[in-house]
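The next block holds one structure in the form of structure tokens; read it before the comments.
No value in this document is a laboratory result; all are computed from the given coordinates. Keep in mind it's a predicted model, so treat the numbers as computed, not measured.
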Amino acid sequence: MARKFRVVVNGKSYEVEVEDLGTGAAAAPVAAPAPVAAPAPVAAPAPVAAPAPAPAAAPVPSGAGEVVAAPMPGKILKVAVSVGTVVNNGDMLLILEAMKMENEIMASTSGTVKEVRTKEGDSVNTGDVLVVIG
């Protein structure tokens with residue numbers, strides 16, 4: 001099943017579609033052992049399925065808002081906003097160091113900062129939610 005995400009890179013918004021290959025790989029082994037032992041395959045997919053929804057549910061904000069995600073893995077050098085800060089499209093939110101370069105992460109929309117999910121010194125991965133703007 002493919003899922004769509006919006007990714008902001010250097011202030012430009014891109015819509016990407018990601019297909020979960022882990023689910024398809026898990027389904028093939030489950031199909032073969034199913035006739036041999038039904039309880040074993042039932043136990044195996046449950047732990048595999050449990051971690052997958054947890055990361056997907058965590059980055060999605062509960063209320064309406066624009067999610068600013070990390071465009072690449074790196075370390076947060078500076079957070080320039082806090083909850084309640086009013087930002088305009090293109091305002092700097094934070095600085096992400098990646099591959100010994102400082103990358104300014106900009107607001108992709110105007111609004112008020114609802115959440116700041118990172119702090120200075122944190123290591124982040126691609127797609128991690130950094131800021132939610134409402």
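Length gained on full extension, Ser123 to Val86, computed as 0.36 nm times the residue gap minus the Cα-Cα distance: 10.8 nm. Stretched out straight at 0.36 nm per residue, the stretch from Glu102 to Lys4 would grow longer than its current Cα-Cα span by 32.5 nm. 3J(HN,Hα) along the stretch 119-124: 9, 4, x, 6, 9, 10 Hz, from the Karplus curve 6.51 cos²θ - 1.76 cosθ + 1.60 with θ = phi - 60°, whole Hz, x for Gly and Pro.
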